[in-house]
Each structure stands twice: as C-alpha cells, then as structure tokens.
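To start, the structure under review is shown below, and the notes come after it.
Derivation of every value follows stated rules applied to the coordinates shown; laboratory data play no part. Small disclaimer: the values here were computed from a predicted structure and weren't measured. Virtual Cβ from ideal backbone geometry, glycine too; neighbours counted across all protein chains shown.
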Amino acid sequence: MKYFFSNNKHNKWGNINTKTHRNFERMLAQSILLAFMVLSLCSCTKNPPGDAQVTDNGKAVPDTNAANDASISSADHVLQDTEQGTTSIVFIKNGISCTVDSTTGMVTQIKSDKQTIDLNGILIEVGFNGTYQFDQLGYTSFGELATWELPIVWPKMKPMPLYELEGIKETENGFHVNITKDMLTISYHYEMLENALKVSAVITTSEHTKQQINGVGFMVKGIESFNKENTTVEFPGSTPAGKIALKKYPKYSVVSTDYASPIIQYQDDTSYLNILFVNDQEKWTTGAYSDVNDKSCSVFLSAVEGYLKAGEEMVVGNLYLQLLNQTEDPYLAVQDFWSTLGYHTPADSVNDGPVYSCHPYGTMDTNYFNRWTLQEYAERLDRIASMGFKNVWLLPIFYHTGDNVYEPIDQGVIDGRYGGEEGASAFISQAHELNLRVLFDLVPHGPRPVYAFAKEHDDWISKKQDGKNQIEWECVSFDYNNPGYYNYTVDLLAYYANTFGLDGARIDCSMGGLSNWQPVEGLRPSSSGLAGGLNITKAIREGFLQAGVNPILLPENFHPIPTYAEYTDIFYDMPLFRAIHDLNHSDITEAEYVKRLETWLEAEHKTSVKGQVKLRFLGNHDTVTWTFDAERPQTFYGVEKAKSLWSILSFIDGVPFIYQGDEDPATYHLEGENLEAFFTDILSARENYLPADYEISYIYTESPVFAFTRHSQDGKDTKLVLVNLSSDSNTMDLDDGTREILYCSGNYQLDSNRITLAPYTSIIIQK
C-alpha cells in the first residue's frame, strides 16, 4: 500500500488547528509531498486518454483529448491544488474516480462514466461508552428494545469536533482513510467496484482496557447534486411506502423506515442515486434528511453492541453508493447489483402454491373456539384443498403455556391436547393424500424461565451485561448463534421430516433475538440479532436436507435484506401488508391509491434478489389480534374492497395467503360473509389462466383501475388483469386485437375497445 498522508490535526471537517506549529508542520509536509508528486508526474506531457485532468478550482474533469470524455480507465492517482490552497488526492480505480480532501480525509467527489456525485463526505459515527464520538447522532440505547424494534435515527446540527487524520493509503482496488478520535481509530475502507463505491468500517482502540461500542452510523453528508427543494427519497421494498419529498420535512428531520431497509434512493428532476447498506450481523435503521444547506443526507445506523479490546478489530457493515446513468432503470440496477455481490435464492427452491394458515383449535381472535384434535381437523382438510390451496401452515402445536401457542415449553413435544405425535402423523398423511404440503410453525425464542427446558439449556440463553437472562414476551431469549442450539434445531427438524414427512416450516421471529453479552467466541453481543436469525434459518434448512427433504421455508423476517435470500423460499412480505394498510389510512383519491400501490409493487419487485418469491396477504394471526388495527380484512377494508385486494394479491407475482376464518368467518363465530366460493374462483383462475413462468408489467391508468399484464417469458402468452378498486364504475380503453374474457368477479360491459368495470370488479383478459 502507498502511504500518502499522516499525523495532521483537524477540526470541523478538517479545518486546521490554529496553533502555529501545527500549521507549519502541515504546510511543510504538504509542500514536500507535493514537490515529490509533481516530479513524479512531470515525465508525462499530458494525461493519457480517459485520465482526469486538474483545473484551477481543483475539480477533476474529463480530458478533452480522450476518445470518450467521460471514460476513466487509469489506475493512477493525482495530487491536486485547490483554490483554498489545500490539497486533494484523486484515486482512479476500476472506472471510478474518488476525490479525497487530504486535510479532512473525507471523500468530496465520486465519478464514473455514468454519474458524478459531489458531497461533503462520508462519516463513520461510532457510539462509544454511552455517547457518539463525533456527536453527529443522538445516543440511543438498544438494550431495552424488543426484537422487532430498532433505534431512532437522530442526526444533530453540530460541527465536527477535533480529530486526527492518521493517514491515507492506496490499496489494490481503492484506498483507506484512518482517523483517530481520543482512543478510537476508525479506518474507512473504500473499494471501487464497477459503478459503485463500497465503504466498510474497521474500529480499533488504543486503550488497554475493553471499551463498549454502542452503535455505528454510516452517514453520507451533503450530497450536492440533490437539493431539498426538488429531491424525493424512496425506500424500495420497505416502509414507508412510495416517494417522499424532502421539502416537506424541516432540516435534520429524518424520514426513516421502521425496519431495516437496505436501499435509499434519491431522485431529482434528472437523476437517481442509490445508497445501499448490508450488515451481516446486526439489524439497522435507515434514514434520509436534509442538512443546514438543504442538501440531501443519509444515515444507516447499525444496532451494534459489544466490547472492544485493545488489539481487536471491529468490522461493521458495507455501504454502497451506486452510480447510475439517466437511461438506466434505478430499480433493476439494484437487483443486478445484488447478483454481482453473490446474493441468490435457494437452488431448486420450493415456493409455489397458495398458503393457508390454521390451527386445530381454531383462530387466535376467537381464543381457539373449536378445540379439535389434529386427527379431527385432518377430516376437514379436503375443504382447504378444494379451494385451491397447496400449502398448510400450522400455527405452533408444541407443548406450550396455557392457550398461548407462541410460548412453547418444549418444541420437541407435540402437545397432547392436539393429539400428540399420532395426531401430527395423521394430519400430515391426510394432507399428502390431498397434495397439500404441511409447514410447522417453529418458535425458536425459548420458553418461560421456570420450565425445565430453559433451566437445562442455560448456556443457550442470551444474557444481559449483569449476567441475568434476557427476557422477551415473558420467555427467555435463546441465542440462535449458539452451536448447541444450532445442532439441536438441525436434529429436531430432521426428526420431524423423517418421522412425519414434514414439508417445511414457517419460522417465528426469524429476525433474531436480544443481545447476548456472553456471546459465542468471535461474535458481538448484538450478533444474536440478525446473524442469529440467519443462523437459525440455516439450521432448519440443514435439518430438512439431512432428512432428504427439499423444504419450503417461510421465515418471519420483516427486513427485505438480501442476506436471507439464499435460505428463504418465500419472503414474509409484511412490508406490503403495511403499505396497503397505510394507504387505506391515507387521505388520497382512489386513483392516487392505485398509482402508489402499483409504484410500490414495481419498486419492490425490481429491487429484490432475482427470483425471490413473496407471501402476499391482507392479514395474519398477529394483525387480527394485537397489531395495527387488530381486525379482519373484511372489517378493515369492507368486504368488496377486500375481495378486490385479494384478487390483486392472487394475480400478481408471489404466493397468496389467507388466515383461517377469512373464507368463512361464521365457522369461528366471527362476523362476515362466506367467501369460500370467491377464494375457490380466484385461486382456480390463478392456476388455470395465468402463466407460471412469467413477468409482471404494471400499467398506470391514472384511474382507480389497477392494471397489469402477466406474460410468459417467451412473450407468446399475455394476460391483461384489471381490478377496479373503486366504489364507482370505471371505463378504460383497450388496445386493438382479439381478446377473450377468461375470468370475472363482478360485472363488466365490453363495447368495442372500451370496457366498463362495475365497482370492485376483477377481470382477466387474454390478449
């Protein structure tokens, strides 16, 4: 590595310390280095084609002698003088140019043949012993947060404090910048990828005693190209839904996601910028805001908790700035990027067929009214199969506390109330005769601490800093990273697959557990979160594979992050549920409702890992009991609108899902219409009329009609799907060509090339 700069004291984004001797040392060092670099470069009379030239103001511009002005191909670096007399360093690698202010160590420009981004710098903010080292973020303790919660993003309007720039070093594919603040050294690892800049953080301490780290924030500050007045931000595939205008928010007021979103997309009148983040160990929260100068900023705050010993390194996450041209689809660019990074779905994934969620005792919102055994419930499976469902997700049937099926005492014991192992065997056998796959609902977090299973496996339980058990939902929080728990889970699933022929699993709370302050060696306490969730998902898949079963896995992971894709057959699409739910609460027109929903779905699809299948639903056992409005879809949306939304979720990409009782609430003493025939019809239409090997193209009608085509990969079979999401009739024009009405739920009138749909009508047309 080539060493460029070291030992320069700075404050407030690197303004030189006012002490005379520091100024003299800096100026002398810069003069010597500048003279050396000039002599080194004098052998060339002009830049080679494609190299960056230096102008009077220190900005890099394309060489006018180059065959392609925008092309950057050199793997060289250039030392530049700026108007202020300071010095910048330009690194050029792999088609990307990065300009670094040598007095601050901050990146001020990123450039490729696609895009130029000017900014005020990328800052790694470190939570350290209860505060943040640079005081750019508010301190949030993670210790009291629940599994699904994340810290609040809270930027501050404060100048940078004094820090020391240790050095700037060239590497094979980029460069390092080392900064010291008090006893911490933060190394910024910049790697130039094809059309993206990767930023990683490595944290070390100079102290001999262990220090506590409490959060690491990646902040992209002052993006010059995106002013507050005309910039929108989006979190594709996550919530909040849709594009958000920054001008609606005061300075430093953050727009953030409730769950970890890997993508922030900035858009102005002419260009896009994707900023992505992936942390393999901890969950994180994502936010966008504007600074005092009305420039766009972003922050990705990793929920890191752990001790840092002298001589140890803490590596935290990867930030990516993806450079785009104006003709490029900014969403598909993300999907392609995930592929480049190696994220993929499981080979030979099992991921098709509508899903029905149920329990032999009945539904959670009726306090399990029916109380059948598994043997008795098996006799009713023909009804589920006849509606067109292919997968049955059984809510937990293990030995548990009271009536709370999500408080397992021992997942190795099928509760005798439900018929024990004989009942499970009878249920799965009957399901298989009806060509239904069966998924057990696994609850990995652990039992209440008073039970023998918890006491016998104390080493699996996550601990607080004082050594006491971590408790959540009155249960212990197992550390999913524990090797003993991992092996137990593998053996348990292999047993169920071998004994009963179990086909797969839904995994409750697969986003991980609470921090474990007695972690597995080599891991941080907070690694029990995201890394733990990923680990338990791997263990469950391994158990099935050892039994010779290619499983269907449905982890309850609310985070649309690519890390899980390799072990997930169907993504639990809670973000879509939230998007539809929130749109229904918003004060917008019906036409705007449709437009936002289509836009959200298109963005989600294109930015997902290629081939990822989503579980589409309007409600589940949680949403009808205690989360959000705790209502059935028929009640929340109204019966007719719920039916039209169910039609959309059945006909777009992904897998439709309903919760027990949605088809016939009266069976469970709930209010609502019998929709058995309706579900039978839409699932039959899905199977018989819509191509299985397909692509989705959304059509923006500027009306309350939700419209898209579902077409085969070879382009020979195209279906047009129209769903009127309005209480009024709506008319739209059709293009020319022969057409056939294949399916209709509701009423329509076809007059030449114009079709009128009655309220809440759904229709499939052969094009």
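So which strands (runs of 3 or more DSSP E) stay within the stretch 264-327 end to end and still have 1 or more residues that are touching an Asp or Glu at 6+ places or on another chain (Cβ under 6 Å)?
Output list reads 295-308.
From the list GLY402, GLY423, which residue is assigned to a loop (DSSP other than H, G, I, E, B) and more than 33 Å from the chain's Cα centre (by Cα)?
GLY402
Given (1) closer than 25 Å to GLN634 by Cβ; (2) assigned to a strand (DSSP E or B); (3) polar (S, T, N, Q), where does THR680 come up short, assuming only one miss?
THR680 satisfies all of (1) closer than 25 Å to GLN634 by Cβ; (2) assigned to a strand (DSSP E or B); (3) polar (S, T, N, Q) except (2).
For (1) acidic (Asp, Glu); (2) out of contact with any strand residue (DSSP E or B) (no Cβ under 9 Å at 6 or more places or on another chain); (3) not in a loop (DSSP other than H, G, I, E, B), each residue gets a yes or a no:
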{"position": "TYR368", "(1), (2), (3)": "no, yes, no"}
{"position": "TRP372", "(1), (2), (3)": "no, yes, no"}
{"position": "ILE384", "(1), (2), (3)": "no, no, yes"}
{"position": "TRP393", "(1), (2), (3)": "no, no, yes"}
{"position": "TYR406", "(1), (2), (3)": "no, no, no"}
{"position": "ILE409", "(1), (2), (3)": "no, no, yes"}
{"position": "ASP441", "(1), (2), (3)": "yes, no, yes"}
{"position": "GLY446", "(1), (2), (3)": "no, no, no"}
{"position": "VAL450", "(1), (2), (3)": "no, yes, no"}
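Looking at (1) in contact (Cβ under 8 Å) with a residue 60 or more places away in the chain; (2) over 25 Å from VAL476 (Cα atoms), find the lone condition where GLU407 falls short.
(2)
Of the conditions (1) among the small types (Gly, Ala, Ser); (2) surrounded by 15 or more Cβ atoms within 10 Å (Cβ to Cβ); (3) part of a loop (DSSP other than H, G, I, E, B); (4) out of contact with any Pro (no Cβ under 6 Å at 6 or more places or on another chain), SER726 fails just one. Which one is it?
(4)
Check the stretch 323-336 and report whether any residue there is aromatic (Phe, Trp, Tyr), in contact with a His (Cβ under 9 Å, 6 or more places away or on another chain), surrounded by fewer than 23 Cβ atoms within 10 Å (Cβ to Cβ) and farther than 24 Å from ASN535 by Cα.
Yes.
Each row is one residue, and each column tells you yes or no for (1) among the charged types (D, E, K, R); (2) outside any loop (DSSP other than H, G, I, E, B); (3) in contact with a Leu (Cβ under 9 Å, 6 or more places away or on another chain).
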{"residue": "LEU123", "(1), (2), (3)": "no, yes, no"}
{"residue": "LEU145", "(1), (2), (3)": "no, no, yes"}
{"residue": "GLU149", "(1), (2), (3)": "yes, no, no"}
{"residue": "VAL177", "(1), (2), (3)": "no, yes, yes"}
{"residue": "MET192", "(1), (2), (3)": "no, yes, no"}
{"residue": "THR209", "(1), (2), (3)": "no, no, no"}
{"residue": "ASN214", "(1), (2), (3)": "no, yes, no"}
{"residue": "GLU224", "(1), (2), (3)": "yes, yes, yes"}
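Any idea which residue in the stretch 244-263 is surrounded by the most Cβ atoms within 10 Å (Cβ to Cβ), counting only those that are without any contact (Cβ under 8 Å) to a residue 60 or more places away in the chain and assigned to a strand (DSSP E or B)?
Here the residue is VAL255.
Can you give me the number of residues within the stretch 184-216 that are within 30 Å of TYR272 (Cα to Cα) and under 24 Å from the mean Cα position of the chain (by Cα)?
Number satisfying all stated conditions: 17.
Among what's in the stretch 590-620 and is out of contact with any strand residue (DSSP E or B) (no Cβ under 6 Å at 6 or more places or on another chain) and acidic (Asp, Glu), pick the residue that is farthest from PHE277 (Cα to Cα).
Ranking the candidates gives GLU590 first.
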